[in-house]
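Here is the structure we will look at, set down as structure tokens.
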Amino acid sequence: MPMPSCSWRKSARSASMMASDLNSASIPAAPAAARVAPVFGRLGWISRLVLALATALALGATGIMILEGFSRYVLDVSYFWAEESVRFLMVWAFFLTLGIAGFRHCHIRTELLVQRLPPPVQRAVWLLTCLAGMAFAFILAYSSIPQVQRFYTMGMVSESSLELPMWLLFLAMPVGGLALFVYYACAAWYAWRWGDPFVPEAAEDEPDAGVVAAISGKEPLL
């Protein structure tokens, strides 16, 4: 006796369900995506603002030095405020960029020994380096505060006729120490959570074709 068409549909549906169950059981589940470490050293708008201010101070000091050299040797005129202004501007430009230079991977790093250590020892060295940097930054900031207070209380000014307050010059030391402490604290958190905070980002730009040809000997350097 022939089987009705509905029973054929039920049999085909059950067979396809069994086949899909077998395939899903035989194929292992794909592993979860590995957690990607964030890039260390990305500057926020506050850091970019501080960097722009330090750059403006350094450019101002450079302009004053050029003006002073030109006027002294060409016009035979020397400005009394030039030397002291350059000193104040350069000191502040330097201390403002202490922490930002670390975030931009501009601090000197020796890695010949660290790269040959096992990964757990490398992490311990990174953390120890961050702790030492935090200790140095704390000493720099804390020890300079009494000096700033002393100059502010005494009302001491600079030797030139500008009479700039000396506490304003020495205030750059605790500010720079605080910025350096923040950098090493962020580096310690990154080393504990993710990995090496001191390694610079790999360069994505390809080398210039002319430079490659000159190095390989295909074209002369000059």
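The values are calculated or read from the model by the stated rules, or taken from the named source; none is laboratory data. What you see is a predicted model; the values in this text were computed from it and never measured. Here the Cβ is made from the backbone with ideal geometry for all residues, glycine too, and neighbour counts use every protein chain on show. Heavy atoms of the whole protein, side chains included, go into the accessibility calculation; ligands, DNA and RNA do not. Shrake-Rupley method; radii C 1.70, N 1.55, O 1.52, S 1.80 Å.
Observations on the model:
- Residues of the range 128-179 that turn out to be in a loop (DSSP other than H, G, I, E, B) and among the small types (Gly, Ala, Ser), as a count: 4
- Every pair of residues 6+ apart whose Cβ atoms lie under 9 Å, when the first sits in the range 61-74 and is free of Cβ contacts under 8 Å to residues at least 60 places away in the same chain while the second is of a type in the set (Val, Ile, Thr) and in a helix (DSSP H, G or I): Ala61/Val86; Thr62/Val86; Ile64/Val86; Met65/Val86; Glu68/Val86
- Qualifying residue in the range 110-127 (condition: closer than 26 Å to Leu43 by Cβ, out of contact with any helix residue (DSSP H, G or I) (no Cβ under 6 Å at 6 or more places or on another chain) and loosely packed, with under 13 Cβ neighbours inside 10 Å): yes
- Among the candidates Leu53, Leu131, residue that is within 22 Å of Phe170 (Cβ to Cβ) and surrounded by fewer than 17 Cβ atoms within 10 Å (Cβ to Cβ): Leu53
- When the range 159-178 is limited to residues that are over 30 Å from Gly102 (Cα atoms) and open to solvent by less than 60 Å² (accessible area, probe 1.4 Å), the one that is farthest from the chain's Cα centre (by Cα) turns out to be Ser160.
- Conditions (1) charged (D, E, K, R); (2) part of a helix (DSSP H, G or I); (3) more than 17 Å from Leu162 (Cα to Cα): number failed by Asp76: (2)
- Looking across the range 62-94 at every residue that is under 21 Å from Phe136 (Cβ atoms) and open to solvent by 30 Å² or more (accessible area, probe 1.4 Å), the one that is nearest to the chain's Cα centre (by Cα) is identified as Phe94.
- Being at pLDDT 85 or above and over 21 Å from Ala187 (Cα atoms) holds for only one residue in Phe88, Phe80, and it is Phe88.
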